[in-house]
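The values are calculated or read from the model by the stated rules, or taken from the named source; none is laboratory data. Because the structure is a prediction, the values reported are computed rather than measured. Every residue, glycine among them, receives a Cβ derived from its backbone with ideal geometry; neighbour counts consider all protein chains shown.
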Amino acid sequence: MCDHKEGNVIGLDLSWSGLVGSLQSNSALFSLQNLQWLNLAGNDFDDSEIPSEFSKLKSLTYLNLSGIGLTGFVPPEISLLSELVSLDLGLNHLLFRSHDFNMLVHNLTKLENMILDLMDLSLVVPYSFLNLTASMKHLSLFACHLQGKFPTEILQFPYLENIILQFNVDLIGHPPETNWSSPLRVLDVSQTRFSKELPDSIGNLKHLKTLNLQGCDFMGSIPSTLGNLTKITFLDISGNMFQGQIPDVFGNLNDLSSMDFSHNNFSGFLPSSTFNLTGLTFMDFSSNFLQGTLPNNVRGLPYLRELHLNANLLNGRVPGWLFSLPSLNWLDLNSNKLNGPIDPIQEPNLVQYVDLSENEIQGPIPGSFFDLVNLIDLYISSNNLSGNIKSSELVKLRNLRLLDLSHNSLLSLTSCNNGANSTLPMVIEFHFSSCNMQRFPSFLNASKYLQVLDLSNNQIHGSITKWEAEGWESLITLNLYMNFMTGIEQVPGKHLSALDLRSNSLQGPLPALPQSLLYFLISDNELVGEIPPTICNSSSLVVLDLSKNKLGGIVPDCLGNFRRLTVLDLRTNYFRGKIPTTYVRYSSLRTLNLNDNQLEGSIPQSLTDCYSLEVLDLGNNNINDTFPYWLGTLPNLQVLVLRSNIFHGDTQNFNGSFTFSSLRMIDLSRNEFTGHIPPELFENLKSMKDIQVDKSGPKYMGEYYYQDSVIVTMKGSDFKLERILTSFTVIDFSSNHFKGSIPKELGELNSVIDTYYKSIEEKDLPTPQHQKIYWFPTEFCIATFPFPLVFVHTEFTLLLFIRWLLGMKGTNWFSPIKQFPLGSTLPAMISATLKFHLSLRCLPSSAFNLTSFTFMDFSGNFPQGTLSNNISGLSYLDLYANLLNGRVPGWLFSLPSLEYLDLSSNKFSGPIDTIPSSFFDFMNLTFLDLSSNNLSGNIKSCMLVKLRNLRSLDLSFNNLPSLTRCSNDVNSTLPLIIEFHFSSCNMHRFPSFLNASKHLQVLDLSNNQIQAEGWEDLVTLHLSMNFLTSVEQIPGKHLFIPDLRSNSLQGPLTTPPQELSYFLFSNNELVGEISSKSCNLSFLLSVLDLSKNKLGGTIPDCFGTFSDQLSLIVLRTLAGNIPPSLGKLEALESLDLSSNKLQGRIPVQLTDLTFSHNNLEGHIPGFPLSKKCGNDQEPESPPSTVADDSETTLTWKIAAMGYGSRVVLGLSMGYIVFTTERPRWLVKMI
């Protein structure tokens, strides 16, 4: 471009001209003194710096040097170009000095456009931008490493139209809070730390077309003024902390093309106005808490291409209009609560991606769904779909590449021979796991592109025949895990790399393997014979898992020469002979598991060539060897299991080269080792001294196709850990012949949590992110702590688990512990846990000087006395079942970290100490048990409800006279309470203040002095043995068990809720007839007891239509005939109709049930007894301490029921309850 008057060059556009080389300071370019317009963008000047000679071009108004490979600092001479209106230095590796930038923005007073994208402005203070000219129109600072606070005033520049601050992740700022008005058209602060609420005045930005707030820290609700942005085309507020209802104000945003509200905390319903927008192409409301149903129909969205509503709480049907939107390409509704069904589709559209997975959709897939012939990816897994899919329908989806119908347990697939079109020609992945498939889908064998076939956890029986194995040209992965297959004549696929046949019923010898196979898993079958020599041809194997079969013979030596093999798992077979002796040097072997075989001999030292070895499990064999100290040279060895062999001798052969530096689990138990435990071993266990836990979540040993597992001993029993946490630590030297003391070096293993012997219980294991166990031999019977407690590290968690330490070998250790050495030896900063199961006579006061203790359990001992008060960091305190006395100290409730407090079954008495009101703001208690003491005094609800986090409260079996409600407290409930126990106290009034507790499930007020809306989640209501006179309405919409026996209830029978399983109203004064409304009790009813009342009338015939679960009926003082329909109750185990005025004949259907001879003969004339029970004398009832003989009879009948149809459940729950002693309230009841 030239000046026509003077002939001077005033404009030069060389952008994207392919220029290369360096930008020299002596270039002829700088002689063009009249140059006004220069564009060099998109060339390659080979990491040149900006020559200072640019200052000679003083007439420049437009300068574009973007993306030309410039480096270094921007020279201060650029600030001399005072005529510049537009400056673009972006997309270069340039830096600005703070002083030079200040000069630039101060001198360039005519600048309107400045683009510095991807430069380094980390040295520039954001407030420097305030010196920009007020005429600035376009400011782009994309990914410039800006940090600090960005001035809000810039967003109010009078002419600013575009501002882009995207990807400055350390830039802080916020929009103007009031009076925001500017000509902004583009506002992009995405991926910054802009925060605060979005002001109402954002609605004043009438010209705004792009609003991008994605990935910031905004919070609060969305202002309704957002609906005033009528020119907006792009709206993205995703990835913030917005909350509340989304205002339904989008009806006038006709130009809106893309809106993204995902990854916030929005609740309420979808704004209906969005479904009427005619220009929208992209809509995303995913990852919120939106609820409600989708609209039945829509009028807009003709151009919508993507709809993302996944990860919400939406429910209801899947409307058919979704699949009729003319432009829709992508539909994602996964992870909601949609319960379906899927509506029929009237006009199938062109959608290519559909995800309906992880919902609750019921019913069959409609046939019209298979008319979506453009589908490429279809996910409908993890629903409740049912019915049968015929392959002739499925193959209509000719373009389908991925199909996932897994985890629909009632869904099946039938193969239909439909000729040449009976396959899915384009499918690559086919997932039908955990459904109801019963036959191998051979119709897919002609799918040329099929690579992944997952049919795991189905009902496939029989064998894969040679005919069914033909085809499958591209199959790479075949998963048939957990089926009922008995044989494989031929493995499908010529290029198969992963075959999973675990947990079937495969019999016979090991099948022939394709040479292409990399991952072969066939564990947990019934294979027999030896490993064939042809296995040596499969040298490409990466994982070989033959465990849990009946294979025998010798382990082939060639397996050790497989260079790529990472996992060799042959455990739980009948292999004999020696461990393979040759291993290729620098092999990839990571796991060698030969546990539970019949191997003999010694451990081959050639294993030292396996530098990658992490897991070596040789337990439960007949290996006769000394301790393999030379394994300590393996730098990655983490798990070493030698248990239950014939290892013998001393373990002292350590030197500097045998470090075991990575070892985290070592199990030498059940061998014949002798001598002292070597201190050098503990000195070298570096991985037990400092385990780094990944904050992103638990990590496990293993890989995608294989997870390592190990057996440990807990409470005398072997327990299999299906997965091994990378932070799990075990030392087990038990059942050997070690002697001497435990080395003090053990105390340096500061990553250990659980210390001692095999009395450890599963419930005592640490959280999944930190599992560590120490087990020591039973031979250590020392009269003091088993090792000197001298620790040098200050940040670890220690659980002293000393249960029957000295009693294991007959030593009786019942002497009082007067001194607690931990109080003086542990550093103050240690965060530790303490669990004692000893016969203590007093609580060691020094234990309460450990100010950082977080877990303390002295339960099940006999200590006496009072509590000390210096454990401010405690979160768990269990003193259950001791002899502690005095008052419950108020300071316990002021511990800011305390979440679990159990003082039950002690001798505490009197009222609870006063708790200062200021402490309530810091209380985090979730579990509080003060039951079975001698507490007295009055408890006010207004104080109790301060425990806002409380889930379980038990004050039963005390002398508390009342629980008084404070009417002046608007928050007078326990919002999170689940269990509330106030049994056997002295309560006089029903605690109606709990009716707003939405999560309350168990309310036990039995054995009190109660004389008589909400309860949404109440399941059990126990009010037996009180003085209630009436129940106007039974609390709880989902009540499962109401027990109102032995009260003084009068009047007619209350209408019961429909979901009852037990209806216990015996021993009251109810009158009138049984209402027809009781016929609604037909769904879950198991026990109906209305005995010992004054009810009259006849037995309703509808009782014969009750639930198949009904097993016990007790009805008395009734008249009329016995309804024949009672014979339809197949589960009925006991029918007590004694003491009635019944007449007529007993229906034939009931003759197999038990009746009282005397009662029937006396009250049913003409009834010929066909069956008698036992002898003619009634059995003598056991004495009752609470109720009369009828109550005892009912109790024994209910117990008998537990031994009948529910014996398995009863035994299982009993085992759990009595071994864990949880829940404590149930243990006390039992």
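Quick notes on this one:
- Just one residue in the set Leu455, Leu402, Leu411, Leu385 is crowded, with 18+ Cβ neighbours inside 10 Å and out of contact with any Gly (no Cβ under 8 Å at 6 or more places or on another chain); that residue is Leu455.
- Any hit, segment 675-688, residues being in a loop (DSSP other than H, G, I, E, B), modelled with pLDDT of 75 or more and touching a helix residue (DSSP H, G or I) at 6+ places or on another chain (Cβ under 8 Å): no
- Taking segment 363-404 as the range and being polar (S, T, N, Q), in a helix (DSSP H, G or I) and more than 17 Å from Tyr353 (Cα to Cα) as the test, the residues that pass are Ser391, Ser392.
- Test for Leu599: is it out of contact with any Ser or Thr (no Cβ under 9 Å at 6 or more places or on another chain), within 15 Å of Gln638 (Cβ to Cβ), assigned by TED's automatic domain parsing to the domain that holds Asn573 and not in a loop (DSSP other than H, G, I, E, B): no
- Selection status of Arg585, of a type in the set (D, E, K, R), surrounded by fewer than 22 Cβ atoms within 10 Å (Cβ to Cβ) and either in the same structural domain as Asn645 (by TED's automatic domain parsing) or in a loop (DSSP other than H, G, I, E, B) (or both): yes
- Comparison of Thr178, Thr192 shows that the only residue that is at negative phi and at pLDDT 90 or above is Thr192.
- Output for segment 438-480, where each listed residue is assigned to a strand (DSSP E or B) and more than 20 Å from Ser497 (Cα to Cα): His461, Gly462, Ser463
- Filtered residues of segment 219-238 (kept if surrounded by fewer than 20 Cβ atoms within 10 Å (Cβ to Cβ), assigned to a loop (DSSP other than H, G, I, E, B) and of a type outside the set (Ser, Thr, Tyr)): Pro223, Lys231
- Residue that is modelled with the lowest pLDDT [pool: residues in segment 261-284 that are over 27 Å from the mean Cα position of the chain (by Cα) and more than 17 Å from Asn297 (Cβ to Cβ)]: Gly279
- Any hit, segment 965-982, residues being among the basic types (Lys, Arg), at negative phi and at pLDDT 70 or above: no
- Check on Glu53, more than 23 Å from Phe142 (Cα to Cα), surrounded by 15 or more Cβ atoms within 10 Å (Cβ to Cβ) and at pLDDT 90 or above: no
- Being within 38 Å of the chain's Cα centre (by Cα), part of a loop (DSSP other than H, G, I, E, B) and assigned by TED's automatic domain parsing to the domain that holds His648 is a description that applies to Asn620.
Quick grid of which residues meet (1) more than 21 Å from Phe1040 (Cα to Cα); (2) modelled with pLDDT under 80; (3) in contact with a helix residue (DSSP H, G or I) (Cβ under 8 Å, 6 or more places away or on another chain); (4) in a strand (DSSP E or B):
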position: Leu1053; (1), (2), (3), (4): no, no, yes, no
position: Pro1056; (1), (2), (3), (4): no, yes, yes, no
position: Glu1059; (1), (2), (3), (4): no, yes, no, no
position: Phe1063; (1), (2), (3), (4): no, no, no, yes
position: Asn1067; (1), (2), (3), (4): no, no, yes, no
position: Gly1072; (1), (2), (3), (4): yes, no, no, yes
position: Phe1083; (1), (2), (3), (4): no, yes, no, no
position: Lys1092; (1), (2), (3), (4): yes, no, yes, no
position: Cys1102; (1), (2), (3), (4): no, yes, yes, no
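- Flag if Phe250 is farther than 16 Å from Asn312 by Cβ and among the aromatic types (Phe, Trp, Tyr): yes
- Restricting segment 439-469 to residues that are among the β-branched types (Val, Ile, Thr) and at pLDDT 90 or above, the residue that is nearest to Leu424 (Cα to Cα): Val452
- Of the criteria (1) modelled with pLDDT of 95 or more; (2) in the same structural domain as Asp569 (by TED's automatic domain parsing), which one Asp500 fails: (2)
- Reported count of residues in segment 1052-1078, each being of a type in the set (Ser, Thr, Tyr) and within 14 Å of Leu1095 (Cα to Cα), is 5.
- Checked against the criterion of being surrounded by 22 or more Cβ atoms within 10 Å (Cβ to Cβ) and among the aliphatic types (A, V, I, L, M), segment 575-582 has at least one qualifying residue.
- Residue in segment 1052-1063 that is of a type in the set (Gly, Ala, Ser) and closer than 30 Å to Cys942 by Cβ present: no
- Scanning segment 22-45 for residues that are under 60 Å from the mean Cα position of the chain (by Cα), modelled with pLDDT of 85 or more and not hydroxyl-bearing (Ser, Thr, Tyr) gives Leu38, Asn39, Leu40, Ala41, Gly42, Asn43, Asp44, Phe45.
- Taking segment 90-147 as the range and being of a type in the set (D, E, K, R) and under 22 Å from Arg185 (Cα atoms) as the test, the residues that pass are Lys110, Glu112, Asp117, Lys137.
Quick grid of which residues meet (1) part of a strand (DSSP E or B); (2) of a type in the set (S, T, N, Q):
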residue: Leu314; (1), (2): yes, no
residue: Arg317; (1), (2): yes, no
residue: Leu328; (1), (2): no, no
residue: Ser335; (1), (2): no, yes
residue: Ile345; (1), (2): no, no
residue: Pro348; (1), (2): no, no
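- Qualifying positions in segment 540-565 - more than 28 Å from Asn483 (Cα to Cα) and not hydrophobic (A, V, I, L, M, F, W, C): Pro556, Asp557, Gly560, Asn561, Arg563, Arg564
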